[in-house]
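The structure appears below as structure tokens.
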Amino acid sequence: MMDILNILLSESFWAASLRIATPLIFGVLGALICERAGVLNLGIEGIFVVGAMCGWMAVWLGAGLWGGVLVAALAGGFFGLLHAILTVPLGLSQHVSGLGITLFATSASYYTYRTALPNVSSPPRIEPFQPLDLPVLSDLPFLGSVLFQQTALTWLALLLVVVVWYVLNRTALGVAIKAVGDNPDSVDAQGLSVYGLRIGAIVVGSALMALGGAFLTMSAFDAFFFGMVNGRGWVCIALVIFASWRPGKALLGALLFGAFDALQVRLQTEVGALVPGQVFLMVPYVLSIIALVIAARSADYPRALLTPWFKGQR
Amino acid sequence: MTKSTVLKLNGLSKHFGPVIANDNVDLSLNKGEVLALLGENGAGKTTLMNMLFGHYLPDSGSIDVADEAGHLHPLPLGYPQVALASGVGMVHQHFTLAENISALDNITLGSEPLFALRRNRREARRKIEAIMAQSGLTAPLDTPVGRLSVGERQRVEILKALYRDARILVLDEPTAVLTPQEADTLFQNIRQMTDEGLSVIFISHKLREVLSFSDRIAVLRHGKKVGEMLTADADEKSIARMMVGADTPELAGSELTPGDPVLTMTDVSVPGRSKRDTLTGVNMTVRAHEILGIAGVSGNGQSGLANVIAGLTRPEQGLIRVDGVEITSPTPAKMVGAGVGRIPEDRHHEGIVGAMSVAENMVIERLNDPEVQSYGLLLREDIQDNAERLSKAYDVRGPGVDAPARLLSGGNIQKLILARVFDRSPRLILANQPTRGLDMGAAAEVGKRLLNARARGAGVVLISEDLDELLSLADRIVVIRDGELHEAPGRDREQIGLMMAGEPA
């Protein structure tokens with residue numbers, strides 16, 4: 001018991017939690033924007049892979065770190081656009097299209113990687129984002145190492161929480177996105193484009209998802225591996241429900257999951273001899289299922305989620 | 001009050017396939033006037049207004065709308081945006097509100113620049129509050145619309161139009177969802193607004209409110225404008241006659257003596273979720289060789305009645321006998337077994353399984369029949385032969401009996417259902433809106449089949465909103481209103497019309 005307490009009080013545990021949470025924050029925000037507009041984007045898992053691969057490869061080809069971030073976002077936006085065209089004007093099943101996008105995007109990324117590097121056994125490394133060493137702040141006890149030694153992408157994720165919150169709650173665009181996810185007729189009757197709003201939300205949301213992937217290859221690690229996304233996209237889909245489609249709660253959910261994950265790694269080293277390691281790997285998922293069960297009961301789904309809308313049919 | 005014209009509809013026509021929704025309709029509206037657009041269901045009122053608002057493109061005709069200075073200009077057709085900008089506001093029967101945002105956000109939606117970093121909510125609030133003060137329409141502005149009452153939501157809808165500077169307001173059956181008190185308040189507000197120069201068209205089929213609140217009345221019937229008068233010169237009788245037509249069609253069936261009762265309902269009550277499926281103390285007898293017509297304005301309990309007869313709802317109290325046998329705790333299977341054949345109201349969703357073949361749909365109500373299955377295996381050849389035979393006998397046309405039923409046209413889907421129902425020679429036929437949306441030929445076919453069944457000795461319950469259809473087919477007509485049945489004293493359409501509208505006969 002003391003061991004767990006020691007872990008929970010350690011700086012490295014909280015620093016790790018925030019680091020693990022970062023890609024999830026990008027992913028949840030992206031999924032949240034799509035779903036607020038009324039479209040489920042199960043392409044998220046594949047878009048993570050695309051973001052991870054494209055961001056890394058762009059840097060490897062010499063685009064620079066921020067150039068890599070931009071390329072990742074554009075690539076994510078492209079697959080988002082594909083999903084948007086299939087689900088919005090064509091009104092196809094959002095589940096089927098999303099899963100298709102995930103399979104397609106994942107395979108296309110692996111294919112590109114293998115085509116570019118046919119014969120390497122270990123992937124070439126890039127120089128990833130370094131922790132921002134802010135003078136004075138970084139030297140603060142506890143907070144200094146937890147908050148102020150994260151990379152620029154973590155800061156970007158935290159900033160985006162605020163931006164998404166502001167847009168959804170304080171701007172006309174946000175009001176329109178929420179309205180189109182609740183009752184597209186309300187938007188249409190007021191002369192706004194249902195298709196335009198939805199497609200835009202999906203493209204932007206998908207770009208954010210890809211940043212989550214880019215964080216993996218450009219900050220958490222320094223190279224691209226097969227299978228490195230490892231279900232993070234699916235976790236985000238669950239976290240959106242946990243968050244009731246609110247950016248603040250999305251941050252909380254991502255941090256919670258990050259903390260579970262960080263805890264499980266440390267528990268493994270503490271009591272790993274007694275229990276098989278796989279049990280610990282399950283911990284974050286089991287705990288998120290439990291958290292989801294509790295949160296989802298009061299979940300307030302966007303009413304038009306999953307429902308295609310066609311012009312002129314009311 | 002000035003008498004300048006603010007709106008002119010010139011010869012508007014609209015067809016949906018073979019169905020004529022509007023036929024050469026002229027209409028004009030003066031400034032500050034309340035025009036009531038009256039007509040039965042399906043008379044074309046909503047279609048006409050949807051053309052005005054740009055939701056539908058007319059086949060022919062034109063629309064002129066006055067600008068702020070009062071000069072008439074032709075309105076480009078088919079663009080809701082342009083209609084909005086020209087000062088035409090429409091409040092649909094089904095609200096177009098997002099429930100997760102506030103009334104203020106709903107009202108301002110679409111009128112602010114989307115990509116501005118800041119919204120000028122204060123300015124918007126000031127404008128809305130000024131409109132509320134002027135019109136008397138009030139609603140809480142900051143509560144999510146999902147938590148507002150129906151009356152408040154409707155006021156938000158109207159405020160939406162006024163916020164966009166509507167000079168002409170179209171209200172599609174505004175009182176359908178309101179309590180009488182809310183309706184009274186609404187009409188007071190409308191008066192207040194017309195005094196300020198707003199012109200209003202409201203669609204209704206309630207005679208009383210039309211007489212007390214409108215300046216002028218236009219009546220549509222079968223898509224045509226059949227009359228127009230000043231409200232001051234009108235009375236209930238003259239309007240009712242105009243709505244339902246003066247000529248009573250001939251009874252199409254031959255004289256037959258009704259036989260034994262095939263359906264008896266005694267004191268049947270259903271506490272429905274809404275007015276449309278609520279029944280209160282219904283007593284009804286249908287005899288062999290008899291078609292009983294159920295007339296009524298839609299949503300007055302027709303669904304409830306149909307669901308009870310089909311076995312879909314179990315009544316809270318009351319007795320149901322089919323062919324003299326009491327049916328306790330009815331289910332659809334029991335009712336079918338007792339000899340009830342059902343022609344459902346929504347033929348596409350309740351009448352067929354669209355993904356299954358025509359042949360399968362033709363036997364879907366008797367899957368236990370040894371002609372259809374043996375030891376749980378379908379007898380595919382017999383089902384096929386059955387389908388070929390029925391398709392020929394009932395003239396079901398389409399891509400063949402193996403094709404999915406959803407590929408059939410509406411008229412042929414109805415023929416498929418008729419074939420399925422009539423082939424079993426049911427004792428009682430429940431026909432709910434059997435000709436709605438069908439063209440003349442298909443509708444005549446349905447009528448002929450119903451009359452044949454009657455001659456054979458079946459009893460028929462025919463629910464219809466088309467009084468002409470009832471008068472030409474039914475031996476006897478009862479009016480359903482607020483979930484209660486009222487025997488019509490005769491075949492006088494004026495009197496039936498009045499009873500439907502809730503006036504004492």
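Just a few scattered comments:
- Computed over every Cα-Cα pair of region A:1-113 and binned at 5 Å starting from 0, the pair-distance distribution P(r) comes out as 2, 12, 17, 18, 15, 12, 8, 7, 5, 2, 1, 0 percent.
- Ellipticity estimate at 222 nm from DSSP helix runs (n ≥ 4, -39,500 (n - 2.57)) divided over the protein assembly as shown, nearest 500: -14500 deg cm²/dmol
- In the elastic network of chain A, a GNM with C-alpha springs shorter than 10 Å, the most mobile of A:GLY91, A:GLY27, A:GLY277 is A:GLY277.
- For region B:261-500, average projected area of the Cα convex hull in nm²: 12.5 nm²
- Helix B:410-423 axis, angle to chain B major axis (alpha carbon atoms, nearest 10°): 30 degrees
- Listed by chain and number, the lysines whose alpha-carbon sits under 24 Å from that of B:LYS225, ignoring those within fewer than 8 places in the same chain, are B:LYS3, B:LYS8, B:LYS14, B:LYS31, B:LYS45, B:LYS206, B:LYS237.
- Close amide H contacts of B:ALA458 (hydrogens built in the peptide plane, cut-off under 5 Å, sequence separation of 5 or more or a different chain): B:HIS289.
- Axis angle, to the nearest 10 degrees, between helix A:194-215 and the longest C-alpha principal axis of chain A: 10 degrees.
- Rounded to whole numbers, the Karplus 3J(HN,Hα) couplings from phi for region A:298-307 are 9, 4, 10, 4, x, 5, 9, 4, 6, 9 Hz, using 6.51 cos²θ - 1.76 cosθ + 1.60 with θ = phi - 60°, and x at Gly and Pro.
- Sites A:TYR111 and A:THR269, calculated FRET efficiency, Cβ-Cβ separation with R0 35 Å, nearest 0.05: 0.40
- Net charge of neighbours whose Cβ lies under 14 Å from the Cβ of A:PHE148, counting Lys and Arg as +1 and Asp and Glu as -1: -2
- Ranked by how many other beta carbons lie within 10 Å on average, peptides B:21-27, A:294-300, B:327-333, A:30-36 from highest: A:30-36, B:21-27, B:327-333, A:294-300
- Shown is the FRET efficiency for B:SER149 and B:GLN81, computed with R0 = 22 Å from the Cβ-Cβ distance and rounded to the nearest 0.05: 0.15.
- Between helix B:150-163 and chain B: long-axis angle, C-alpha atoms, 0 to 90°, nearest 10: 50 degrees
- Residue by residue, region B:378-394 carries 3J(HN,Hα) couplings of 5, 8, 4, 5, 5, 4, 4, 4, 4, 5, 4, 5, 5, 4, 5, 5, 10 Hz when phi is fed to the Karplus relation 6.51 cos²θ - 1.76 cosθ + 1.60 (θ = phi - 60°); x denotes Gly or Pro.
- Of all lysines in the structure, those lying under 16 Å Cα to Cα from B:LYS127, and not within fewer than 8 positions of it along the same chain, are B:LYS160.
- Euclidean distance of C-alpha centroids, region A:148-198 and region B:425-473, integer Å: 53 Å
- Listed residues A:SER109, A:SER122, A:SER206, most fluctuating in chain A (Gaussian network, C-alpha, under 10 Å): A:SER122
- Distant-in-sequence amide H partners of B:ARG221 (H built 1.01 Å from N, under 5 Å): B:VAL226
- With distances taken between every two different alpha-carbon atoms, region B:416-499 has a Kirkwood hydrodynamic radius of 13.7 Å.
- Shape of chain B, Cα gyration tensor, a/c cut at 1.5: prolate
- Comparing A:PHE242, A:PHE224, A:PHE142 in a Gaussian network model of chain A (Cα springs below 10 Å), the most mobile by mean-square fluctuation is A:PHE142.
- Residues of type lysines that B:LYS415 reaches as a straight line, Cα spacing below 16 Å, ignoring anything fewer than 8 places off in the same chain: B:LYS392, B:LYS448
- Using θ = phi - 60° in the Karplus curve 6.51 cos²θ - 1.76 cosθ + 1.60, the 3J(HN,Hα) couplings for region B:460-467 round to 10, 9, 10, 9, 8, 9, 9, 5 Hz; x is entered for Gly and Pro.
- Rg and Dmax of region B:5-244, both derived from C-alpha coordinates alone, stand at 17.7, 59 Å.
- Cα-based convex hull, region B:255-322, per residue volume (Å³, whole number): 80 Å³
- Spatial separation of Cα centroids for region B:267-319 and region A:30-99, in angstrom: 54 Å
- When you filter the GluC sites (Glu not before Pro) in region B:193-302 for DSSP loop state and at most 16 other Cβ atoms inside 10 Å of their Cβ, you are left with B:GLU196, B:GLU250, B:GLU255.
- Global form of region A:78-202, assessed from the alpha-carbon gyration tensor, a/c cut-off 1.5: oblate
- Taking amide H positions as modeled 1.01 Å from N, with prolines and chain starts lacking one, no residue 5 or more places away or on another chain lies under 5 Å from B:VAL396.
- Calculated P(r) tail over 38 Å for the protein assembly as shown, as whole % of Cα pairs: 56 percent
Rule-based calculations on the coordinates, nothing more; no lab input. What you are looking at is a predicted structure, and each value in this text was computed from that prediction instead of being measured. When we count neighbours, we look across all protein chains shown, and the Cβ atoms used for this are built from the backbone with ideal geometry, even at glycine.
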